[in-house]
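*Asks:* Have a look at this one before I ask anything.
Please treat every number below as a calculation from the coordinates, not as lab data. Keep in mind the model is a prediction, meaning the values are calculated, not measured. So basically every Cβ, Gly included, is an ideal-geometry build from the backbone, and we count neighbours across all protein chains shown.
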Amino acid sequence: MQKPKVIVIGGPTASGKTALAIEIAKAINGEIISADSMQIYKEMNIGTAKPDETEKQGIKHYLMDFVNPNERYSVADYKKQAKKSIEEIIKKGKTPIIVGGTGLYIDSLIYEIEFLEIETDLEYRKKLEEIVEKEGLTKLYYEAKQIDEEAMRKISQNDRKRILRVLEIYHQTGKTKTQLDKMSREKEIEYDYKMFAIEMDREILYDRINRRVDIMIDKGLIEEVNKIYQKYQEFPTAMQALGYKEVVEYLEKKITKEEMIEKIKRESRRYAKRQLTWFRKNKETIWLNGQDSLEKNVNIILEEMK
């Protein structure tokens, strides 16, 4: 039996994914599921480049604007809700279009990854934190490398969060992260995912990113962040998002406005580079040139979907 087709559009920030997805949806009677880990949050509109009702052009969007900024939301939560949304769209006789730049969200679907929800052992976490304070992170990095060399190849010596995660997984399960990752991909893939991604000349992309940041500032990004910052007493995870944490630094008078703007631009360019690297790992990705016309890229996707 033929699996239902699902279009996936990935690519770096500011590359035109949203506009392309909307044109595709109009052309094939589709609906859009966001794969953006920041557009899930309510109240965070400007800094996440969330499309407004005019930009959506009447196309229904799922998994956008539904989580409070102080709530936890995991990739396992995303996968569950995205699958539910795909099913809902297919039942309507429409085509699901997944669009966004969060590679892990997309991979959770196209590779049918099962995420193991591991309860944090607070005592063990405390012990690891003490080692970091007394002996440095390097000690734990090499310890993690001995346990799971394959996973550590992708983790830098300064990435405290991911180093601790490798050790905690092994401590909690007796299996390495690499072993669990392989086991998590053994489930049969439910849909026929067609993966597309946008790339463009780096200088053009960086110029688009810089201009987008200027537009966000003009639209009121500082006011948006300040409002959320004042509203939520505990410091929300969402405020660690790119563009938001830099504004918080400015609000706390740690950096000037000019430094804040430059920092957002620089970090956004770095993020775009990481996104491209992520999507290039998938050898089945069909690459689209973001400098080509929308019409041309729409036609390429439609041709591939026949």
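*Asks:* Which FRET efficiency value, to the nearest 0.05, is calculated for M305 and K281 with the Förster distance at 25 angstrom and r the Cβ-Cβ distance?
*Replies:* About 0.65, to the nearest 0.05.
*Asks:* Using the beta-carbon distance between T256 and D292 and R0 = 45 Å, what value does 1/(1 + (r/R0)^6) give for FRET efficiency, to the nearest 0.05?
*Replies:* So, using R0 = 45 Å, E works out to roughly 0.70.
*Asks:* Moving on. If you plug each phi of the range 151-156 into the Karplus form 6.51 cos²θ - 1.76 cosθ + 1.60 with θ = phi - 60°, what whole-Hz ³J(HN,Hα) values come out, in order, with x for Gly and Pro?
*Replies:* Ordered by residue, 3J(HN,Hα) equals 5, 6, 4, 9, 10, 6 Hz.
*Asks:* Just to confirm the filter: which trypsin sites (Lys or Arg not before Pro) across the range 77-107 are DSSP coil and have at most 16 other Cβ within 10 angstrom of their Cβ?
*Replies:* Passing sites in the range 77-107 are K92, K94.
*Asks:* With the crude spin-label approximation of a point 7 Å out along Cα→Cβ, what separation in nm comes out for A19 versus A76?
*Replies:* In this crude label model, A19 to A76 measures out at 4.0 nm.
*Asks:* I've got another one for you. With a cut-off of 8 Å between alpha carbons and a minimum separation of six or more residues, what is the relative contact order of the chain in percent?
*Replies:* Once divided by the residue count of the chain, the mean separation gives 28 percent.
*Asks:* For the chain, what does -39500 (n - 2.57) per DSSP helix run (n ≥ 4), summed and divided by total residues, give at 222 nm, in deg cm²/dmol to the nearest 500?
*Replies:* -16500 deg cm²/dmol
*Asks:* Mind listing the long-range amide H neighbours of V6? Cut-off is under 5 Å, sequence gap 5 or more, other chains count too, H placed in the peptide plane at 1.01 Å from N.
*Replies:* Sorted by chain and number, the residues that satisfy this are D192, Y193, K194.
*Asks:* Please check which bits of the range 1-27 a label hung off K92 would reach, taking the label as a point 7 Å along Cα-to-C-beta and the cut-off as backbone N under 20 Å.
*Replies:* Residues 4-9, 18-27 fall inside that zone.
*Asks:* Which label belongs to the value computed from this structure, given these candidates for Cα Rg over 2.2 N^0.38 Å: [x] 0.97; [y] 1.31; [z] 1.06?
*Replies:* [z]
*Asks:* Let me ask something else. Using a 10 Å cut-off around each Cβ, can you sort I24, I155, I189 from fewest to most neighbouring Cβ atoms?
*Replies:* Taking fewest neighbouring Cβ atoms as first place, the list is I189, I155, I24.
*Asks:* By how many nm would the segment from Y124 to R270 grow when fully extended, if each residue of separation counts as 0.36 nm and the alpha-carbon distance is taken off?
*Replies:* Taking 0.36 nm per residue and subtracting the Cα distance, the gain is 49.2 nm.
*Asks:* Could the peptides 281-290, 250-259, 28-37, 263-272 be put in order, highest first, of the mean number of other beta-carbon atoms found within 10 Å of their residues?
*Replies:* In descending order of packing, they fall as 28-37, 263-272, 281-290, 250-259.
*Asks:* In whole Å, how far is the Cα centre of the range 202-233 from that of the range 239-299?
*Replies:* Rounded to whole Å, the Cα centres lie 11 Å apart.
*Asks:* N226 to E186: FRET efficiency via 1/(1 + (r/R0)^6), r the Cβ-Cβ distance, R0 51 Å, to the nearest 0.05?
*Replies:* Result of the calculation: an efficiency of 0.60.
*Asks:* Continuing with the same structure: In whole Å, how far is the Cα centre of the range 34-85 from that of the range 112-128?
*Replies:* So the separation of the two Cα centres works out to 26 Å.
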